[in-house]
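Below is one structure, written out as C-alpha cells, with a few remarks after it.
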Amino acid sequence: MADNFTKGMARNIYYGGSVFFFLLLMGLTFDTMLELPKRDHRENITEAVAHGKELWENNNCVGCHSIMGEGAYFAPELGNVFVRYGNGSEETFEAFMQSWMAMQPLNVPNRRQMPQFNLSEEEVHSLSQFLIWTSRVNNNDWPPNKQG
Amino acid sequence: MKFESQSVAKPYFIFALILFAGQILFGLLMGTQYIFGDFLAEYIPFNVARMLHTNMLILWLLFGFMGASYFLVPEEAETELYSPLLAKVLFWVFAVASLATAAGYLFVPYAKLAELTFNELLPTMGREFLEQPTITKIGIVIVCLGFIFNLGMTILRGRKTVVSLVLITGLIGLAVFFLFSFYNPDNLILDKYFWWFVVHLWVEGVWELILGAILAFTLIKVTGVDREVIEKWLYVIIAMALISGLIGMGHHYFWIGPGEYWLWLGSIFSAIEPIPFFMMVLFAFNVTKQRRFEHGNQMALTWALGTSVMAFLGAGVWGFIHTLAPINYFTHGSQITAAHGHLAFFGAYAMIVLTIISYSMPIMCGRPQGNPAGAQRIERFAFWTMCIGMLGITIALTIAGVWQVVLQRIPDDAEALSFMATQDAIEPLYWARLAFGVMFFVGLIAYFASFFFGYSEQEESNLTATTTES
C-alpha cells in the first residue's frame with residue numbers, strides 16, 4: 001500500500017465509515033418499522049396465527065422446509081404453500097392440510113420422509129392459519145411461480 | 001510460548017476439533033439422505049442432523065475464536081491472562097452445555113425438548129441456527145460475558161495493540177448482536193428482520209473483525225513483517241467489511257417483507273462485499289512476499305494464505321454471483337445458497353480457526369518452530385484434500401442450484417417442475433456432492449492424524465544436539 005496513505009488515515013476510515021453506516025442502518029430500520037404494518041398486515045395475526053407460528057417453531061419445521069426462501073432446502077417452500085394447494089380457498093387448503101399431516105410418514109421407499117408430529121385437528125388449523133397469513137405478506141412477489 | 005496462561009487455549013482447540021468431526025459426520029449423513037431420502041430417517045431425521053451440523057459448526061467456531069483469543073491476547077498485551085481459572089471454568093461450562101444440547105437434539109424429539117426447557121416462558125427455539133433451548137442461549141451469553149471480561153481486563157492491564165482492540169471489538173459485537181436471538185415476536189416478518197441482526201451482523205459483520213485480527217496476528221508471527229504495515233492493512237480491510245456489510249444486510253430483505261428500496265440498497269452494497277475479501281488476499285500474499293524470515297511452521301502460513309483465498313472465493317465470489325436482486329429473485333433459497341454457505345463458512349471461518357490452531361498448537365506442545373516435517377507433510381495433504389473436497393461440494397451444489405432454477409423457478413406456473421420432481425432430476429449432482437464430502441472427510445482424518453506424528457530419529461538427534469549446544 002502507498003506510503004503516503006498512513007495508518008492513521010486507515011483508522012479514521014474504519015471508525016468514520018463504520019459509525020456512519022451503522023447509524024444509516026439504524027435509520028433505515030426505523031423507516032422499515034414504519035412501513036412494515038402496511039406490508040405484513042399484522043392486524044390479521046389472530047391467536048390461531050400466533051399459535052401456528054409457535055407450532056412451526058416447536059416442531060423445527062424450518063429444519064427441512066424453507067419459508068419465504070429461508071430455512072433448509074430439503075423439503076418444499078411453505079411460504080406460498082397456500083397458493084400452491086389452496087386454490088384460493090381457505091377451506092380447501094385446511095382440508096388438504098388435515099389429511100396431509102395425518103398421512104405422514106408416507107413410507108415410500110427412498111423418498112424423503114416427513115415425520116408424524118401427532119398434531120391435533122385444532123393445531124393443524126392453527127398451522128394452516130399461520131401459513132395462510134404468511135402467504136399474504138407483500139414480499140415483492142417472491143417466489144416467481146407457485147412451485148416455490 | 002511467551003506466557004504460561006496462553007495454554008488455556010489448548011482445551012478450547014481440542015474441543016473445537018471434536019465438534020468439527022461431529023459436524024462432518026452429520027454432514028455426511030445429510031448428504032446421504034439427499035439421495036436416499038429415508039436413510040436412517042426413523043432414528044435421525046434430516047432436521048435433527050441439520051441442527052447438529054449447523055449448531056456444531058457455530059459452537060466449534062466459537063470455541064476456536066475463544067481459544068484464539070486466549071492465546072493471542074496475552075501475547076499482544078505482553079502480560080499473563082487476567083484469570084486463567086475463569087477461562088478454565090468457562091471452558092467446562094461451555095463444553096458441558098454444548099454436549100448436553102447436542103444430546104438433547106439427538107435423543108429427545110424437538111417439541112419435547114422445547115417443553116422440557118420451558119420454551120414457552122421465553123420462546124426462542126425453532127428458528128434456523130438459533131435452535132438452541134433458551135437456557136443454552138442464556139448460557140452462551142454468560143460464557144461470552146465472562147470471556148470478554150477476562151480478555152478486557154488483560155488488555156487493560158497490558159499493551160494495547162490494534163490487533164487485540166479489533167479482536168475485542170469483534171467479540172463484543174458478537175455478544176451484543178446475539179442478544180437479538182431473544183427477540184421472537186408473533187409477527188414472522190419482524191422475527192425474520194431481527195433474526196438477521198444475529199446471523200448477518202455476525203458472519204458478514206463483526207466476525208470479519210475477528211477473522212482479520214487472527215489473520216493479522218498469525219501473519220505478524222510467521223512473516224516478521226513490521227506491525228505498522230500489517231495494522232494499516234487490517235484497518236482498511238475491516239473498514240471495507242463494515243462499510244459494505246452493514247447496509248449489505250439489505251440482500252436478505254429482498255423477499256421477506258421489507259420495502260422495495262432494500263432491493264437497491266442490498267444489491268449495491270452487497271456487490272462491494274467481495275472487496276474486503278479481495279484485499280485480504282492481496283494483504284496475505286504481499287506480506288508473505290515481504291517476509292523477513294522463513295518460519296519453521298510452514299503450514300501455519302499455508303493455512304493463512306489458504307484462508308484468504310478460500311474466503312474470497314466463498315464469501316466474495318460465491319456471494320456475488322447471486323446477490324443482485326434480479327438474479328436473487330430466481331436463486332433465493334436454492335442449492336446455490338447452500339453452495340455459497342458451505343464455501344464461505346469453511347473458507348473464512350473454519351479455515352481461520354485451523355490457521356491459528358496450526359500456528360499455536362505446536363507452540364503449546366513445546367515446538368516453537370512448528371511440527372516435525374513428517375507431520376507437516378500430512379497436514380499439507382489434509383489442507384489440500386479438505387480444500388479441494390470443499391470446492392468440489394461447492395461446484396456440485398452450484399450446478400445443482402442452476403439446474404434447479406432452470407427447472408423449478410424460471411418456467412411459469414403451468415410449466416414449472418415441482419420441488420420434489422426437481423430434486424429427483426438433479427440427483428446426480430447430489431452423488432457428486434457426497435463423493436466430495438467423503439473426500440473432505442478423508443482430509444479431516446489426515447488432519448487429525450498429523451497431530452500424532454512425531455519426529456524421525458534423525459530429527460530427534462538433531463534436536464538433542466541443538467539443545468545441548470545452547
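Just so it is clear, none of the values below were taken in a lab; they were calculated from the coordinates. What you are looking at is a predicted structure, and each value in this text was computed from that prediction instead of being measured. Neighbour counts are summed over all protein chains in view; Cβ atoms, including those assigned to glycine, are modelled from backbone coordinates with ideal geometry.
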Relative contact order of the range B:93-212, pairs being alpha-carbon contacts under 8 Å that are 6 or more residues apart, as %: 23 percent
The range B:72-127 and the range B:296-338: distance between their alpha carbon centers, rounded to Å: 28 Å
Cα point-scatterer Debye curve for the range A:19-139, base-10 log of I(q)/I(0) at q = 0.21, 0.23 Å⁻¹: -1.28, -1.46
Return the subset of B:LYS160/B:LYS192; B:LYS10/B:LYS112; A:LYS38/A:LYS146; B:LYS88/B:LYS160; B:LYS88/B:LYS137; B:LYS137/B:LYS232 for which the Cα-Cα distance in this structure is over 31 Å, preserving the input order. B:LYS160/B:LYS192; B:LYS10/B:LYS112; B:LYS137/B:LYS232
All-pairs Cα distance distribution in the range B:224-451, expressed in whole percent, bin size 5 Å: 1, 7, 12, 15, 15, 14, 13, 9, 6, 4, 2, 1, 0, 0
Which whole number gives the average count of other chain Cβ atoms within 10 Å of the Cβ atoms across peptide A:136-143? 6
Multiply the residue separation of A:ASN110 and A:ALA95 by 0.36 nm, subtract the distance between their alpha-carbon atoms, and state the gained length in nm to one decimal. 2.7 nm
Counting all Cα-Cα pairs in chain B, those more than 39 Å apart amount in percent to 20 percent
Just want the answer: with Cβ charges of +1 for Lys and Arg and -1 for Asp and Glu, which residue in B:LEU85, B:PHE36, B:ALA95 is farthest toward the dipole's positive end in the range B:1-117? B:PHE36
A:ILE67's amide H: which non-local residues (gap 5+, or another chain) put their own amide H closer than 5 Å, with H modeled 1.01 Å from N in plane and none for Pro or chain starts? A:LEU78
Rounded to the nearest 20 debye, dipole of the protein assembly as shown from Cβ charges on Lys, Arg, Asp, Glu: 1680 debye
Taking R0 as 56 Å and r as the Cβ-Cβ distance between A:ALA2 and B:VAL438, the FRET efficiency 1/(1 + (r/R0)^6), rounded to the nearest 0.05, comes to 0.75
Taking 7 Å along the Cα-to-C-beta vector as the label spot, tell me the B:GLU457-A:TYR15 distance in nanometres, rounded to one decimal. 6.2 nm
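Calculate, in whole percent, how much of the Cα-Cα pair population of the range B:1-70 lies beyond 14 Å.
Numbers: 1479 of 2415 pairs.
Across the range B:1-70, Cα pairs with separations above 14 Å total 61 percent.
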Quick one: if the Förster radius is 60 Å, what FRET efficiency do B:ASN286 and A:GLU47 give, using the C-beta to C-beta distance and rounding to 0.05? 0.50
Length gain on complete extension for the stretch B:ALA103 to B:ALA175, per 0.36 nm per residue less the alpha carbon to alpha carbon distance? 23.5 nm
Suppose we keep just the alpha-carbon trace of the range A:1-40; what are its Rg and Dmax in angstrom? 17.0, 53
May I ask you to derive the relative contact order of chain B, considering only C-alpha pairs under 8 Å and at least 6 residues apart, and to give it as an integer percent? 13 percent
Taking the simple approach of a point 7 Å from Cα along Cα-to-Cβ for both B:LEU40 and B:LEU165, what is their distance in nm? 4.9 nm
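About its Cα centre, how strong a charge dipole does the range A:41-148 have in debye, to the nearest 20, once Lys and Arg get +1 and Asp and Glu get -1 at the Cβ?
On the way: 7 positive and 13 negative charges, 102 e Å.
Computed about the Cα centre, the dipole is about 480 debye.
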Could you work out the helix-only [θ] at 222 nm for the protein assembly as shown, with each DSSP H run of four or more residues adding -39,500 (n - 2.57) and the total divided by the number of residues, to the nearest 500 deg cm²/dmol? -22500 deg cm²/dmol
Report, as an integer, the average count of C-beta atoms from other chains found within 10 Å of each Cβ along B:110-118. 3
With contacts defined as alpha carbon pairs under 8 Å and 6 or more residues apart, what's the relative contact order of the range B:1-160 in percent? 31 percent
Given the convex hull of the Cα atoms of the protein assembly as shown, what is a quarter of its surface area in nm²? 27.5 nm²
In nm, to one decimal, how far is the B:TYR261 label point from the A:MET33 one, both placed 7 Å along Cα→Cβ? 1.6 nm
How high is the FRET efficiency between B:ALA21 and B:TRP431 when r is their beta carbon distance and R₀ equals 22 Å, given to the nearest 0.05? 0.40
Placing unit charges on C-beta atoms (Lys and Arg positive, Asp and Glu negative, everything else neutral), compute the dipole magnitude of chain B about its Cα centre in debye, rounded to 20. 940 debye
Residues other than A:ASN118 with Cβ under 14 Å of its Cβ, Lys/Arg counted +1 and Asp/Glu -1, net out at -3
Once Lys and Arg get +1 and Asp and Glu get -1 on their Cβ, which of B:LEU52, B:PHE71, B:GLN23 lies farthest toward the positive end of the dipole of the range B:1-160? B:PHE71
Within a 10 angstrom radius of each residue's Cβ in A:18-28, how many Cβ atoms of other chains show up on average? Whole number is fine. 5
